[in-house]
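Student: My questions will all concern the structure given below.
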């Protein structure tokens, strides 16, 4: 049961972290699109060495979720998330909505090396893009 909780937490974090910026990163362009933000997030995530470097790009709800987790789950979370994160991620569609945007993305499964398909939900908080949700599947959308 504890292993399942840790795995669920890591999957949730993967969704959040897959959009974070490192501290000291350049300011985003004034008219940054959701796709541009997510691309910037992915680059920052790959360079990050600790969660604190990516938290500024996450939604307030995801930051609160991370901070509420037990210390043993927070420690080492970034490394675990990186191991589970798809590679060669590409945005195939951007759909704006009232709260932000939803991105349709593709990538390569890190373990099986097969195509993965994802949905990334971004929010506008305080006028800035923030990663809210991210989900991946090995089943191509119809």
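The values are calculated or read from the model by the stated rules, or taken from the named source; none is laboratory data. What you are looking at is a predicted structure, and each value in this text was computed from that prediction instead of being measured. A quick note on method: Cβ atoms are made from the backbone with ideal geometry, for glycine too, and the neighbour counts reach across all protein chains shown.
Student: Can you tell me which residue in the range 106-122 is nearest to residue 29 (Cα to Cα), limited to those that are within 12 Å of the chain's Cα centre (by Cα) and surrounded by 20 or more Cβ atoms within 10 Å (Cβ to Cβ)?
Tutor: 122
Student: Taking the condition of being within 24 Å of residue 65 (Cα to Cα) and in contact with a strand residue (DSSP E or B) (Cβ under 6 Å, 6 or more places away or on another chain), how many residues in the range 106-137 meet it?
Tutor: 16
Student: Here are some conditions: (1) out of contact with any helix residue (DSSP H, G or I) (no Cβ under 6 Å at 6 or more places or on another chain); (2) at pLDDT below 95; (3) closer than 21 Å to residue 29 by Cα. Residue 130 meets all but one. Which one does it not meet?
Tutor: For residue 130, the failing item is (2).
Student: Go through the residues of the range 102-117 one by one and say whether even a single one is touching a helix residue (DSSP H, G or I) at 6+ places or on another chain (Cβ under 7 Å) and at pLDDT 95 or above.
Tutor: There is at least one residue in the range 102-117 that is touching a helix residue (DSSP H, G or I) at 6+ places or on another chain (Cβ under 7 Å) and at pLDDT 95 or above.
Student: Something else now. So, in the range 34-52, of the ones that are in contact (Cβ under 8 Å) with a residue 40 or more places away in the chain and in contact with a strand residue (DSSP E or B) (Cβ under 9 Å, 6 or more places away or on another chain), which residue ends up nearest to residue 93 (Cα to Cα)?
Tutor: Result: 35.
Student: Pull up the range 45-61, narrow it to residues that are closer than 15 Å to residue 134 by Cβ and modelled with pLDDT of 95 or more, then point me to the one that is surrounded by the fewest Cβ atoms within 10 Å (Cβ to Cβ).
Tutor: The qualifying residue surrounded by the fewest Cβ atoms within 10 Å (Cβ to Cβ) is 61.
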